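Written out below as structure tokens is the structure these notes cover.
The values are calculated or read from the model by the stated rules, or taken from the named source; none is laboratory data. Predicted, not measured: the structure shown is a model, and the values here were computed from it. Methodologically, a virtual Cβ is constructed for each residue, glycine included, from the backbone with ideal geometry; neighbour enumeration extends over all protein chains shown. We work out accessible area using only protein heavy atoms, side chains counted, and drop any ligands, DNA or RNA first. Shrake-Rupley method; radii C 1.70, N 1.55, O 1.52, S 1.80 Å.
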Amino acid sequence: MKAIFPVAGFGTRFLPTTKSTPKEMLPIVDKPLIQYAVEEAAVAGITDMIFITGRNKRAIEDYFDRAYELEAELSQKAETTQLEQLRAVIPDGVNFIFVRQGDAMGLGHAVLCGRPAVGDSPFAVILADELLYTVPGTPNASQQLIAAYQHTGQAVVGVGHVLGKAIERYGCVDVLETDAQGIMSLHGIVEKPTHVDAPSQYAAFGRYVFPSVMFDYLAGVKPGRGGEIQLTDAIAALIADHGAVAVNMDALRYDCGTKMGYLEANLDFALRHPELGAGFKAIVEARIAA
Ligand code: UTP
């Protein structure tokens, strides 16, 4: 399977940092967000990583390229740990493909830009600013979605439960019924409903798997909210003709497109970090006690 990583957005909620740095390059402790996303995809068996990029996103291309001078320098100094860390950025057997989205016309448009690189195969869509933590040794978010796709043959939307008015910030799924595997069949999906109109408290959290026919629906969608081509509108049209399902992902989710979500992710990932965790916990506890 192939994966599309839309990274062409402006990241306005994270200005001024995102003026010249892609938000996907912001680090969570010691790795950029985009690396977590690529590692998740690679573990799920995805070999073709397709990035939909825009202006100011060159840092992502450079990050997934070899750094010969740096590698030569580190191997000359016998800095083997750092050399290994550097080489681990590019998982074995993985291809990186970069497609430009000339005008940022919305998430749906960004996904459609990936069509020539995907062709006729099913594909995943992964939003790197939605960081999903799963316990090591358990299936990650993309694996959970791919398993549901293999089981149903239908488009899969990864969702999570949110409380109260929080649903107004997300794509919200209208759930029809849940099968024995916990897979929910979908009646519809709406973008950012009001709290009272929301058909459920399940929000789309940046993980999808689609059959290739999805591109036809993306191509047919008219600009919606904010003049953008909305992924949600194309999913709604796809559901009507082909059906779709949602998976309540077994994962902890961090919205790293916002400053608060980003801080929370750094806190939790630092506390869990094998080398830094214990020392960092002591610092945090001392601060709280002060
Ligand atoms: P967001 O709306 O969350 O990201 O889009 P954004 O536009 O970068 O951030 P804000 O809202 O201005 O702070 C969801 C995803 O879709 C990508 C973004 O990069 C992000 O990963 N996207 C969005 C595109 O690739 N192209 C677009 O035209 C719009």
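Each residue in region 227-271 was checked for being open to solvent by 50 Å² or more (accessible area, probe 1.4 Å), part of a helix (DSSP H, G or I) and more than 20 Å from LEU186 (Cβ to Cβ), and 7 of them qualify. For region 154-200, a residue qualifies if it is open to solvent by 40 Å² or more (accessible area, probe 1.4 Å), in contact with a helix residue (DSSP H, G or I) (Cβ under 9 Å, 6 or more places away or on another chain) and outside any strand (DSSP E or B), and the qualifying residues are GLN154, ASP179, GLN181, LYS192, THR194, HIS195. Looking at region 141-153, which of the residues that are polar (S, T, N, Q) and open to solvent by 20 Å² or more (accessible area, probe 1.4 Å) is farthest from ILE239 (Cα to Cα)? It comes out as GLN143. Which one is most open to solvent (accessible area, probe 1.4 Å), of the residues in region 71-123 that are under 18 Å from the mean Cα position of the chain (by Cα) and of a type in the set (Gly, Ala, Ser)? Here the residue is ALA104.
So which residues in region 272-287 are over 30 Å from ILE146 (Cα atoms), surrounded by fewer than 12 Cβ atoms within 10 Å (Cβ to Cβ) and either at pLDDT below 95 or not aliphatic (A, V, I, L, M) (or both)? GLU275, GLY279, GLU285, ARG287 - these are the residues of region 272-287 that are over 30 Å from ILE146 (Cα atoms), surrounded by fewer than 12 Cβ atoms within 10 Å (Cβ to Cβ) and either at pLDDT below 95 or not aliphatic (A, V, I, L, M) (or both). More than 15 Å from CYS256 (Cβ to Cβ), among the polar types (S, T, N, Q), within 16 Å of the ligand (Cβ to nearest atom) and modelled with pLDDT of 90 or more, is that true of GLN101? The answer is yes for GLN101.
Here is a check on your reading of the model: is PRO199 away from the ligand (no atom under 16 Å from the Cβ), over 15 Å from VAL247 (Cα atoms) and touching a strand residue (DSSP E or B) at 6+ places or on another chain (Cβ under 6 Å)? Taking the combined requirement at face value, the residue satisfies it. Evaluated against (1) farther than 21 Å from ALA141 by Cα; (2) under 19 Å from the mean Cα position of the chain (by Cα), ALA240 falls short on exactly one condition, (2).
Scanning region 124-135 for residues that are away from the ligand (no atom under 16 Å from the Cβ) and either open to solvent by 30 Å² or more (accessible area, probe 1.4 Å) or not in a loop (DSSP other than H, G, I, E, B) (or both) yields TYR133, VAL135.
Tally the residues that are part of a strand (DSSP E or B) and at pLDDT below 95, restricting the search to region 1-12. First the steps, then the outcome.
We begin by selecting, within region 1-12, every residue part of a strand (DSSP E or B); these are 2-6.
Among the residues that remain, those that are also at pLDDT below 95 are: none.
Of the residues in region 1-12, 0 are part of a strand (DSSP E or B) and at pLDDT below 95.
Give me the pairs, please: first residue somewhere in region 72-87 and within 15 Å of GLN35 (Cβ to Cβ), second residue anywhere and surrounded by 11 or more Cβ atoms within 10 Å (Cβ to Cβ), beta-carbon distance under 7 Å, and either six or more positions apart or on two chains. Once the first residue is within 15 Å of GLN35 (Cβ to Cβ) and sits in region 72-87, its partners that are surrounded by 11 or more Cβ atoms within 10 Å (Cβ to Cβ) give LEU86/ALA67; LEU86/LEU70; LEU86/GLU71; LEU86/LEU74. Region 13-122 holds helices (runs of 4 or more DSSP H) entirely within its bounds, and those carrying 1 or more residues that are touching a Lys or Arg at 6+ places or on another chain (Cβ under 6 Å) map to 115-118. The residue pairs whose first member lies in region 34-55 and is polar (S, T, N, Q), whose second member is within 15 Å of the ligand (Cβ to nearest atom) and assigned to a loop (DSSP other than H, G, I, E, B), and whose beta carbons are closer than 8 Å, counting only pairs six or more residues apart or on different chains, are THR53/VAL7; THR53/ALA8; THR53/GLN101.
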